[in-house]
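Notes follow once the structure below has been shown.
Taken together, the values in this text are just the output of simple stated rules run on the coordinates, not laboratory data. Being a predicted model, the structure only gives us computed values, none of them experimental. So basically every Cβ, Gly included, is an ideal-geometry build from the backbone, and we count neighbours across all protein chains shown.
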Amino acid sequence: MTRTFLGMPATAPRGVGHLRGDEPFPVAARRSLADAQLRRNLGHATGTIRAKSAAVIGEVPDWEELREAGRAIKADTMARLPELLQQLETAVTAAGGTVHWAADAVEANRIVTDLVTATGSDRVMKVKSMATQEIGLNEALEAAGIEPVETDLAELIVQLGRDKPSHILVPAIHRNRAEIREIFLREMPGVDPALTDEPAVLAAAARRHLRRTFLSTRVAISGANFAVAETGTLAVVESEGNGRMCLTLPDTLITVMGIEKVIPTWADLEVFLQLLPRASTGERMNPYTSMWTGVTPHDGPQDFHLVLLDNGRSAMLADEVGRQALHCIRCSACLNVCPVYERTGGHAYGSVYPGPIGAVLSPQLTGVEDNASLPYASSLCGACFDACPVKIDIPSILVHLRAEHVTAYRNEHRLPSAEAVTMAAAAYTMDHLPLYEAAQRRSRLTRFAGRHGRGLPPPLSGWTVGRDLPQPPPQTFREWWVQR
Amino acid sequence: MHLDVLIHRLTDYGAAVHRCADDEVAHVVDAILGGRRVVIPSGLPRHWLPDTVEALADDNLPTERIATADGVVTAAAVAVAETGTVILDAAADQGRRIITLLPDVHICVLRVDQIAAGVPDALARLDPRRPLTWISGPSATSDIELNRVEGVHGPRNLHLVIVPRGSHHSLDPVGDPHSLPQA
């Protein structure tokens, strides 16, 4: 690396990329909740995937052991990440590739833009990649006069609809077939006006639309699902074949990869290639997985660049509790089981990483105060923890981040928050019996306040806006005991 | 037993499975691609091809020529029974990655002894230095309402022809990166 490390590693910079929303989660969520079509689309899609996934996971007798193995490999990886990344760099370089280190989104965008510019191409085709969405690479390329073409069907739907992705695996999950047909009719040049909304017909339209792009574009940009430190092998897991097109046909391939995607050995792939498809699309194996090591003479791109992206990941690694969010293999199982995600959809989270994993990833990548509402975007029900194929304890990280936010708030504001004052008062009251008894008697007043869903009066109304106020009993235990 | 699992998984994901003797492969290819234009890798056993197809041997064919072919016939490196996967490793009888990508019909000939039980066994048989393509059924997408739909960018028709143990063997030994096809 070219930089001297001084002090705490930096978080993802502001003003670039898509990790921060324009408004807090509760505000955005309220709007999403009012969209009945969105809720129907999401309910249908997440229900479908949950059933498929459960069926194929049920086929694997050692699923729990596999999850534990996945967790252990990732924990080991994070414990020696610098060493593994250097090993990866050596292996990729030896196989004819070039490795670049990007400290943040700005640097990564500049490296990629420079590489594309050097090829003389004014167009690139892209395989779906969360890392390039995270850093806002498309905007950076457009600013440099380079046209990025998304080739994944869902990304294409999002790009043509001038929309934002709302799911890690299926960025257009919020669109149903009728809406997709409308977008294609409106935005796809030369599309058959008799296009129906049959999924197979829509997929065929995308095939025709992109064929020429695949055959004529000289530069491709991909992400990576895994990178094997031992061998320098990169792996991309996909369904449609657009990935194979981008990884095989162009002269130049640029892969942008978050540093946490490295795994130590070739044999470690056996764990993740069993976990990922079943947890992600609910398949025993996804239709296509491509693996390549550097450059192969006469086969595929002859110019290969790997961009290793930090963008706040080293800062995450420094947090003992939060660092396990780096174990994520981007399967999106936690989104599909989350009662909050299923109702609000992905846009409410403001970041390219939505759902439970987004609620722990985004605030850590940006620093918690830049995404302070996300750790609260959860009921802490734990369904995400149960569904995670690498056993990330998302609820514990959420609680940890809430505490971090409270501390940051206290340090920033000279006056304590209303919540802190309430808690301090409650602690004092509970320490003093007469006060506690008086408070219990007074609490009966809330029987009136909470009735008919009115909630508590200000300033306590913040608590009851999203919660039902429990009805206190007409008599306390102490009163009942005295009467006996 | 692995064979039965593999066949079940392949057909479940929409691939067609044919079983025959090594010297009957040409008949199967004829039934699927007879009269059509077919790309073949340089090291493909020629007795697998019927006289009825127009063969385009890949000696570094330009992309446009490969794109106009109706089908492609290759061997395979390894198959994974549990997941219904065939893996190509760009050996001389499988060819460059591009030739199995652009034509709409892919006929892949697999020997029974190339079938691994599961993913761990398959990885142990592969050489990571070679470009590897894992194929599990025809091209598909789950991007519209999370339902699997077959047929997007890759070949929309995948045929597996399974031949007995001891049939044709790969021409270049796996493990030597310098033996990659010079096409």
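Could you calculate the contour length gain from B:Asp51 to B:Arg65, that is, 0.36 nm times the residue separation minus the distance between their Cα atoms, to one decimal place in nm?
Details: separation 14, 0.36 × 14 = 5.04 nm, distance 2.03 nm.
Additional length available on full extension: 3.0 nm.
Calculate for chain A the 222 nm mean residue ellipticity that helices alone would give, adding -39,500 (n - 2.57) per DSSP H run of length 4 or more and normalising by residue count, nearest 500 deg cm²/dmol.
-14500 deg cm²/dmol
Please list the equivalent ellipsoid semi-axes of segment A:420-483, computed as the square roots of five times the alpha-carbon gyration tensor eigenvalues, in descending order and whole angstrom. Kindly include the intermediate steps, with their values, before the conclusion.
On the way: eigenvalues 100, 60, 12 Å².
Sorted largest first and rounded, they come to 22, 17, 8 Å.
Tell me the angle of helix A:394-412 to the major Cα principal axis of chain A, expressed in degrees between 0 and 90 and rounded to the nearest ten.
Here the helix axis deviates by roughly 70 degrees.
Quick one: Karplus J couplings for segment A:76-85, per residue in order, coefficients 6.51, -1.76, 1.60, θ = phi - 60°, nearest Hz, x for Gly and Pro?
With the stated coefficients, segment A:76-85 comes to 5, 4, 5, 5, 9, 4, x, 5, 5, 5 Hz.
Counting other Cβ atoms within 10 Å of each Cβ, which trypsin sites (Lys or Arg not before Pro) in segment B:36-144 have at most 10 and sit in a DSSP loop?
none
What residues qualify as long-range amide H neighbours of B:Leu56, i.e. H under 5 Å apart, gap of 5 or more or another chain, H built at 1.01 Å from N?
Hits under the 5 Å cutoff: B:Val38, B:Val39, B:Ile40.
Just to check I understand the Karplus step: with θ = phi - 60° and J = 6.51 cos²θ - 1.76 cosθ + 1.60, what whole-Hz values come out for segment A:324-329, glycine and proline as x?
My calculation for segment A:324-329 gives 5, 5, 6, 6, 4, 9 Hz in order.
How large is Rg/Rh for segment B:2-166, to two decimals, with Cα atoms and a Kirkwood Rh? Walk me through the numbers before you get to the answer.
Details: Rg = 15.0 Å, Rh = 15.9 Å.
Radius of gyration over Kirkwood radius for segment B:2-166 works out to 0.95.
With everything on Cα atoms, drop me the angle between helix A:177-187 and the longest principal axis of chain A, reported from 0 to 90° to the nearest 10.
So the helix axis and the longest Cα principal axis differ by about 50 degrees.
Please give me the summed charge of the neighbours of A:Gly21: other residues whose Cβ is under 11 Å from its Cβ, Lys and Arg +1, Asp and Glu -1. Could the numbers behind the result be given before it?
Values: positive: A:Arg20, A:Lys164; negative: A:Asp22, A:Glu23, A:Asp370.
That works out to -1.
Of A:Lys74/A:Lys128; A:Lys128/A:Lys391; A:Lys52/A:Lys128; A:Lys74/A:Lys391, which sit over 20 Å apart, Cα to Cα?
Check vs 20 Å cut-off fails for A:Lys74/A:Lys128; A:Lys128/A:Lys391; A:Lys52/A:Lys128.
Just the Cα atoms of segment A:78-168, one point each, no solvent: what log10 I(q)/I(0) does Debye give at q = 0.21, 0.24 Å⁻¹?
-1.12, -1.24
Mind listing the long-range amide H neighbours of B:His18? Cut-off is under 5 Å, sequence gap 5 or more, other chains count too, H placed in the peptide plane at 1.01 Å from N.
B:Leu160, B:Val161, B:Ile162
Skipping prolines and chain starts, which residues have an amide H placed within reach, meaning under 5 Å, of the one on A:Gly312, given they are 5 or more residues away or on another chain?
The list, which skips near neighbours in sequence, is A:Ala12.
Given the options B:Trp48, A:Ala267, A:Ala359, identify the residue whose Cα lies farthest towards the positive end of the charge dipole of the protein assembly as shown (+1 on Cβ of Lys, Arg; -1 on Cβ of Asp, Glu).
A:Ala359
Provide A:Phe385, A:Phe214 in ascending order of the number of other Cβ atoms located within 10 Å of each residue's Cβ, fewest first.
Listed from fewest to most nearby Cβ atoms, that is A:Phe385, A:Phe214.
Just rank A:Glu134, A:Glu89, fewest to most, by other beta-carbon atoms within 10 angstrom.
On the way: A:Glu134 27, A:Glu89 21.
Listing A:Glu134, A:Glu89 from fewest to most nearby Cβ atoms yields A:Glu89, A:Glu134.
Take B:His153, A:His18, A:His174, B:His2 and order them by how many other Cβ atoms sit within 10 Å, fewest up front.
B:His2, A:His18, A:His174, B:His153
Using the Cβ atoms and a cut-off under 13 Å, what net charge is assigned to the surroundings of B:Val28, where Lys and Arg are +1 and Asp and Glu are -1?
-3
What number comes out for the charge environment of A:Thr119, summing +1 per Lys or Arg and -1 per Asp or Glu over other residues with Cβ under 14 Å away?
Local charge sum for A:Thr119: -3.
Taking 0.36 nm per residue of sequence separation and subtracting the Cα-Cα distance, how much length would be gained by fully extending the chain between A:Ser396 and A:Glu68, in nm to one decimal? Write out the running numbers ahead of the final one.
On the way: separation 328, 0.36 × 328 = 118.08 nm, distance 1.76 nm.
Between A:Ser396 and A:Glu68, full extension yields 116.3 nm more.
Which FRET efficiency value, to the nearest 0.05, do you get for A:Ala424 and A:Asp35 by plugging their Cβ-Cβ distance into 1/(1 + (r/R0)^6) with R0 = 35 Å?
Once the sixth-power term is evaluated, E becomes 0.30.
What list of whole percents do you get for P(r) of segment A:64-313, with Cα-Cα distances grouped in 10 Å bins up to the one holding the largest distance?
For segment A:64-313, the pair-distance distribution reads 7, 30, 36, 21, 6, 0.
Given C-alpha coordinates of segment A:271-398, what is the ratio Rg to Rh with the Kirkwood estimate of Rh?
1.04
Which is farthest toward the positive dipole end of the protein assembly as shown among A:Leu335, B:Val109, B:Ala31, measuring Cα position about the Cα centre, with Cβ charges +1 (Lys, Arg) and -1 (Asp, Glu)?
Highest projection toward the positive end goes to A:Leu335.
Using the per-residue mean of other Cβ atoms lying within 10 Å as a proxy for protection, in what order, highest first, do the peptides A:325-338, A:31-44, A:302-315 fall?
A:325-338, A:302-315, A:31-44
What list of whole percents do you get for P(r) of chain A, with Cα-Cα distances grouped in 10 Å bins up to the one holding the largest distance?
It works out to 4, 18, 28, 25, 14, 7, 4, 2, 0, 0, in whole percents.
So what is the orientation-averaged projected area of segment A:167-322, using the convex hull of its C-alpha atoms, in nm²?
Across all orientations, segment A:167-322 yields a mean hull projection of 11.6 nm².
Please determine, in degrees from 0 to 90 and to the nearest 10, the orientation of helix A:355-366 with respect to the longest principal axis defined by the Cα atoms of chain A, where the helix direction is its Cα long axis.
80 degrees
Once phi is turned into ³J(HN,Hα) by the Karplus curve 6.51 cos²θ - 1.76 cosθ + 1.60 with θ = phi - 60°, what whole-Hz value does each residue of segment A:54-64 show in order, with x for glycine and proline?
3J(HN,Hα) across segment A:54-64, in whole Hz: 4, 5, 7, 5, x, 6, 9, x, 9, 4, 5.
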